[in-house]
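Notes to accompany the following structure.
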């Protein structure tokens, strides 16, 4: 039986023995600058099963510059990012909220709500690939962009009422955004993100995470599931402590740095959530041999695959070698669909 890419993803999320692991490659402009054509060649040989829908916004986002070029980029919230290296994203150096009295002047980008559902649905109907919402709610990171990380960490301990009020307003905007996409379009899944980990632990205490941010994610997931959509999340760093909570909330798939945490440490969660990649982009993709890539994919497969529950995903970014990125998908096909490699 030939399944569509969408069906392969859904079978994977349900641990229902898909004919192979579904694929998705993330690429930063760095890769296209340093290895022109490599991304297209990999995508041609290993077509993605997961793609991002086009929002067909009637009103364009109010941005200035490019997030991946050297110089200043101003995003749709008015945050100014300074970038000194082309091909990767810059950092906010001058936060807009110096005091929470400034929060009332923050402009919420309501143009993001001006999507054309009919156009989105025509795209979804014309494609057999699994469609993700193209924009991500990111409450913790948005607070950092607006306030600055150092000031925000102090705020999270002191919890000034004005900060909590702004967080509620931000969350309301994100819920409105997700409700629109889930109720009016035929996308298959939402996606939200926040980078919660350092190399060794969470950036804040797990108890504080549960108090302030877990309820927000619960709402996002419930909105998706209420409309028959799946819920995907991305979070970098060592986030083992929040895995049980995200599973409890019903998150369908989580993109995280499983090699940063140690693949074996994630074994208890196998069969309970889908691991949306990834293969180590810090060491293996830039510096590993093809044999080491094979071994890495095999370790993920043997530890976390349960008749599904893994997506063949990696990121082609700074330092990554095209031959290693290609090998990731070749290894996943070999392991999950041996017939494809005969």
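The values are calculated or read from the model by the stated rules, or taken from the named source; none is laboratory data. As the structure is a prediction and not an experimental result, all values here were calculated from the model. For neighbour counting, all protein chains shown are included, and Cβ atoms are generated from backbone atoms with ideal geometry for every residue, glycine included.
Buried (at least 17 other Cβ atoms within 10 Å of the Cβ) and in a loop (DSSP other than H, G, I, E, B): does that describe residue 103?
no
Looking at the stretch 111-132, is at least one residue assigned to a loop (DSSP other than H, G, I, E, B), in contact with a strand residue (DSSP E or B) (Cβ under 8 Å, 6 or more places away or on another chain) and under 30 Å from residue 3 (Cα atoms)?
The answer is yes, given that some residue of the stretch 111-132 is assigned to a loop (DSSP other than H, G, I, E, B), in contact with a strand residue (DSSP E or B) (Cβ under 8 Å, 6 or more places away or on another chain) and under 30 Å from residue 3 (Cα atoms).
Just checking, does the stretch 238-245 include any residue being at pLDDT 95 or above, closer than 25 Å to residue 330 by Cα and either out of contact with any helix residue (DSSP H, G or I) (no Cβ under 7 Å at 6 or more places or on another chain) or surrounded by 17 or more Cβ atoms within 10 Å (Cβ to Cβ) (or both)?
Within the stretch 238-245, none of the residues are at pLDDT 95 or above, closer than 25 Å to residue 330 by Cα and either out of contact with any helix residue (DSSP H, G or I) (no Cβ under 7 Å at 6 or more places or on another chain) or surrounded by 17 or more Cβ atoms within 10 Å (Cβ to Cβ) (or both).
Kindly indicate the residue of the stretch 13-37 that is part of a helix (DSSP H, G or I) and in contact with a helix residue (DSSP H, G or I) (Cβ under 9 Å, 6 or more places away or on another chain) and also surrounded by the most Cβ atoms within 10 Å (Cβ to Cβ) among those meeting that condition.
For the stretch 13-37, the residue satisfying everything is 31.
Kindly evaluate residue 113 against the criterion of being surrounded by fewer than 19 Cβ atoms within 10 Å (Cβ to Cβ) and under 30 Å from residue 9 (Cα atoms).
yes
Have a look at 45, 91, 59 and point out the one that is in contact with a helix residue (DSSP H, G or I) (Cβ under 6 Å, 6 or more places away or on another chain) and loosely packed, with under 13 Cβ neighbours inside 10 Å.
When all the criteria are applied, what remains is 59.
Residues in the stretch 38-83 that are part of a loop (DSSP other than H, G, I, E, B), touching a strand residue (DSSP E or B) at 6+ places or on another chain (Cβ under 9 Å), without any contact (Cβ under 8 Å) to a residue 60 or more places away in the chain and farther than 22 Å from residue 255 by Cβ: how many?
The total comes to 6.
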